[in-house]
Amino acid sequence: MSTAATVPAPPERFNIAEHLLALNTGRADKSAFIDDTGGLSYGALTERVRRLASGLRSLFLRREERVLVLMHDGNDWPVAFLGSLYAGLVPVAVNTLLTPDDYAYMLEHSRAQAVLVSGALLPTLNSAMVKSDHEVQKVIVSRPQAPLHPSEVELEAFLAAHAAQDKAAPTSPDDPAFWLYSSGSTGRPKGTVHSHGNPYWTCELYGKGVLALREDDLCFSAAKLFFAYGLGNALTFPMSVGATTLLMGERPTPEATFKRWTGAIDSLAGRKPTVFFGAPTGFAGMLAHPQLPARDQVAMRLVSSAGEALPAEIGERFKKHFGVDIVDGIGSTEMLHIFLSNRPDRVRYGTTGWPVPGYAVELRGEDGGAVPDGEPGDLYIQGPSAAMMYWGNRAKTRETFQGGWTKSGDKYVHNADDSYTYSGRSDDMLKVSGIYVSPFEVEATLVQHPAVLEAAVIGKQDVDGLTKTKAFVVLKPGAAASEEELKTFVKDRLAPYKYPRYFEFVTELPKTATGKIQRFKLREIENQG
């Protein structure tokens, strides 16, 4: 496997967009991306990226100024992102599921000078611009759905009006390249600044070094491109090996995902993804779906999971049905991609695996010292893809990026075989009767019950002000289970003090756009009650 020591560092002059395009100069006719409208070849991608770079520079935008990218996944997304990078500008990729108030904040916070936006999202952007004291000079619209205003221009017309830029901006591996907003559990999102060198390291150490992606792969990610996980899965990793990526603009529902797994959309012409990147919540929903495809209907050779820890039961059920393991790992916006992972040839369900070669991890106690094996500690990571800073937030930057180490906010346990087991977020851990209880451990046990689809566990104070566990449970359609039945189920499988004292049956759980359960929202609801 690759390590930071064995992988050559990028040269002093390095532009990640130029690098990824140059790796594919001999694949001009091969499809780089396929969306519902058709394919985009590597040759056409290069031409469009260089034309967009030229167009953006014609707006008198200066090096390192920000360009907001508010676009649904499709063939125009990589053009927008790579074109901005090629020009030496800094694309700020944002979540497409947010509110105008969120975008108003991001426009002001990033001081974006231009916006690349999907036509379907233009009304939302316009609402945000009315609310904000922004600096946007030009709005470039992909696939507009209505007549445009004078300050707006159609992407196709914009590309046609400019000749291709001959050379990429002479950036370095340490120059700011792009932002991703890290939502966190509370407060305003943080603008996480990544360098041109960071995607290079994630491609080399994880995409190639661990997953061993191949040129003949067709990659499909449920996580969208505006997420750190999705950006690697569906753009930088496939391009680094000359593979093809399937992009989907709609929500990754089981039905939509199954259609693409089985090659049942026109633009695929029967081709089926060989690599799928998902998240535990999505896998649970698909495995419970009545239209789950049979093993011989799909062509997946490699399946990856991240976003939250994968319950062992889900991985085992998936392997039994499809004959392919789910390779579970953990990454973060701050580290750009996965740094702790199982391996395609070494999967231990119930753990997040081992450090990715090139990264080091440490578990620290509340006093900052090492914790003994078997006890939960705060996870710190050291590796070459760590973000540079949170823009305009020195306090949070210093709290998270500590010398060469990045504080993850996750708690883990180190196992005898050097693997690591997730114990929850640092702010989610519960102390019951003086003993730490991992919400994830209880949740992972509850979902083993045949009637339970999903579960989330938080702390609830009893009449004495002591913390006890409460479980919010979503049952499978048509299934039934009582509170006492679930209590007994957990008691039989975990230490007695870990079973939930309280239960509430709900129809759905609050989640982020990546499918992470938002326990803090459940805590807010509980406190209001």
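The values are calculated or read from the model by the stated rules, or taken from the named source; none is laboratory data. For clarity, every value in this text was computed on a predicted model and none was experimentally measured. Don't worry about glycine lacking a Cβ; one is built from the backbone with ideal geometry, like all the others, and counts go over all protein chains shown. Only protein heavy atoms, including side chains, enter the accessible area calculation; ligands, DNA and RNA are left aside. Shrake-Rupley method; radii C 1.70, N 1.55, O 1.52, S 1.80 Å.
Answer with yes or no whether A223 is in contact with a strand residue (DSSP E or B) (Cβ under 7 Å, 6 or more places away or on another chain), buried (at least 23 other Cβ atoms within 10 Å of the Cβ), more than 30 Å from R523 (Cα to Cα) and not hydroxyl-bearing (S, T, Y).
no
Considering (1) more than 19 Å from T514 (Cβ to Cβ); (2) among the basic types (K, R); (3) free of Cβ contacts under 8 Å to residues at least 60 places away in the same chain, say which one R251 fails and leave the rest.
(1)
Quick check on region 300-326: of everything there that is of a type in the set (A, V, I, L, M) and out of contact with any Gly (no Cβ under 8 Å at 6 or more places or on another chain), which residue is farthest from E443 (Cα to Cα)?
Just the residues of region 300-326 that are of a type in the set (A, V, I, L, M), to begin with: 300, 302-303, 306, 309-310, 312, 314, 324, 326.
Among the residues that remain, those that are also out of contact with any Gly (no Cβ under 8 Å at 6 or more places or on another chain) are: 300, 302, 309-310, 314, 324.
Values: M300: 28, L302: 26, A309: 11, L310: 11, I314: 12, V324: 24 Å.
Checking each candidate, the answer is M300.
Restricting to region 361-399, give me the number of residues that are within 27 Å of A444 (Cβ to Cβ), not charged (D, E, K, R) and not in a loop (DSSP other than H, G, I, E, B).
The qualifying residues number 7.
Among the hydrophobic types (A, V, I, L, M, F, W, C), open to solvent by 60 Å² or more (accessible area, probe 1.4 Å) and in a loop (DSSP other than H, G, I, E, B): does that describe A480?
yes
For region 53-72, name all the residues that are within 24 Å of A128 (Cα to Cα) and open to solvent by less than 10 Å² (accessible area, probe 1.4 Å).
Of everything in region 53-72, those that are within 24 Å of A128 (Cα to Cα) and open to solvent by less than 10 Å² (accessible area, probe 1.4 Å) turn out to be L56, L61, V67, L68, V69, L70, M71.
I want to confirm something. Restricting to region 494-517 and keeping residues that are assigned to a loop (DSSP other than H, G, I, E, B) and over 32 Å from the mean Cα position of the chain (by Cα), which single residue is modelled with the lowest pLDDT?
Among those residues, the one meeting the criterion is A495.
Which residues, taken from region 325-336, are of a type in the set (G, A, S) and assigned to a strand (DSSP E or B)?
Answer for region 325-336, where residues must be of a type in the set (G, A, S) and assigned to a strand (DSSP E or B): G329, G331.
Those residues that are touching a helix residue (DSSP H, G or I) at 6+ places or on another chain (Cβ under 6 Å), open to solvent by less than 60 Å² (accessible area, probe 1.4 Å) and within 18 Å of F81 (Cα to Cα), I need them from region 108-154; list them, please.
Listed by number, the residues that qualify are L116, V117, I140, V141, S142.
Output the number of the condition that P173 fails; it satisfies all remaining conditions of (1) under 18 Å from F401 (Cβ atoms); (2) open to solvent by 30 Å² or more (accessible area, probe 1.4 Å).
(2)
Go through region 135-171 and report how many residues are of a type in the set (K, R), assigned to a loop (DSSP other than H, G, I, E, B) and over 27 Å from the mean Cα position of the chain (by Cα).
Residues meeting the conditions: 1.
If you scan region 352-398, which residues turn out to be among the charged types (D, E, K, R), at pLDDT 95 or above, open to solvent by 30 Å² or more (accessible area, probe 1.4 Å) and more than 18 Å from D418 (Cβ to Cβ)?
Taking region 352-398 first, the residues among the charged types (D, E, K, R) are 362, 364, 366-367, 373, 375, 378, 394, 396, 398.
Filter once more, so that each one left must be at pLDDT 95 or above: 362, 364, 378, 394, 398.
If we keep only those that are open to solvent by 30 Å² or more (accessible area, probe 1.4 Å) too, we end up with 362, 364, 394, 398.
Within region 352-398, R394, R398 qualify.
Looking at (1) crowded, with 20+ Cβ neighbours inside 10 Å; (2) closer than 23 Å to G278 by Cβ; (3) not β-branched (V, I, T), can you tell me which one P510 breaks?
Failed condition: (1).
Does D410 fit the bill of being under 22 Å from A312 (Cβ atoms), out of contact with any His (no Cβ under 9 Å at 6 or more places or on another chain) and acidic (D, E)?
So D410 fits the description; yes.
With T245, T262, T274 as the choices, which residue is of a type outside the set (A, V, I, L, M, F, W, C) and open to solvent by less than 10 Å² (accessible area, probe 1.4 Å)? Before the answer, list the steps.
Details: T262 fails: open to solvent by less than 10 Å² (accessible area, probe 1.4 Å); T274 fails: open to solvent by less than 10 Å² (accessible area, probe 1.4 Å).
Result of the check over T245, T262, T274: T245.
Could you tell me how many of the residues in region 3-45 are among the hydroxyl-bearing types (S, T, Y), open to solvent by 10 Å² or more (accessible area, probe 1.4 Å) and closer than 30 Å to W261 by Cα?
4
Say whether the condition of being over 21 Å from V275 (Cβ atoms), of a type outside the set (V, I, T) and open to solvent by 50 Å² or more (accessible area, probe 1.4 Å) is met by at least one residue in region 294-315.
no
Anything in region 335-351 that is open to solvent by 40 Å² or more (accessible area, probe 1.4 Å) and in contact with a Gly (Cβ under 6 Å, 6 or more places away or on another chain)? List them, or say none.
Y349, the sole residue that qualifies.
Condition (residue is at pLDDT below 90 and either β-branched (V, I, T) or not in a helix (DSSP H, G or I) (or both)) applied to region 443-460: is it met by at least one residue?
The answer is yes; a qualifying residue exists.
Mind telling me which of the residues A212, A234, A256 ends up being free of Cβ contacts under 8 Å to residues at least 12 places away in the same chain and either in contact with a strand residue (DSSP E or B) (Cβ under 6 Å, 6 or more places away or on another chain) or farther than 23 Å from V92 by Cβ (or both)?
A256
Pairs, please: C-beta under 6 Å, at least 6 apart or cross-chain, first residue closer than 16 Å to R523 by Cα and in region 426-439, second modelled with pLDDT under 75 and surrounded by 11 or more Cβ atoms within 10 Å (Cβ to Cβ)?
Close Cβ pairs (under 6 Å, with a partner that is modelled with pLDDT under 75 and surrounded by 11 or more Cβ atoms within 10 Å (Cβ to Cβ)) amount to M429/Y436.
Taking the residues in region 407-450 that are within 19 Å of K470 (Cβ to Cβ) and basic (K, R) as candidates, determine which candidate is most open to solvent (accessible area, probe 1.4 Å).
Filtering region 407-450 for residues that are within 19 Å of K470 (Cβ to Cβ) and basic (K, R), the one most open to solvent (accessible area, probe 1.4 Å) comes out as K431.
Test P290 against the stated conditions and say whether it is open to solvent by 20 Å² or more (accessible area, probe 1.4 Å) and within 25 Å of M71 (Cα to Cα).
Working: open to solvent by 20 Å² or more (accessible area, probe 1.4 Å): yes; within 25 Å of M71 (Cα to Cα): no.
So P290 does not fit the description; no.
For (1) out of contact with any Ser or Thr (no Cβ under 7 Å at 6 or more places or on another chain); (2) within 21 Å of T192 (Cβ to Cβ), each residue gets a yes or a no:
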position: V79; (1), (2): yes, no
position: L82; (1), (2): yes, yes
position: D102; (1), (2): yes, yes
position: H134; (1), (2): yes, yes
position: S142; (1), (2): no, no
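Going by the structure shown, is L180 within 21 Å of H72 (Cα to Cα), touching a Lys or Arg at 6+ places or on another chain (Cβ under 8 Å) and open to solvent by less than 40 Å² (accessible area, probe 1.4 Å)?
no
Would you confirm, using the coordinates I've provided, whether A471 is under 16 Å from L430 (Cβ atoms), of a type in the set (A, V, I, L, M), surrounded by 16 or more Cβ atoms within 10 Å (Cβ to Cβ) and in contact (Cβ under 8 Å) with a residue 60 or more places away in the chain?
No, not satisfied.
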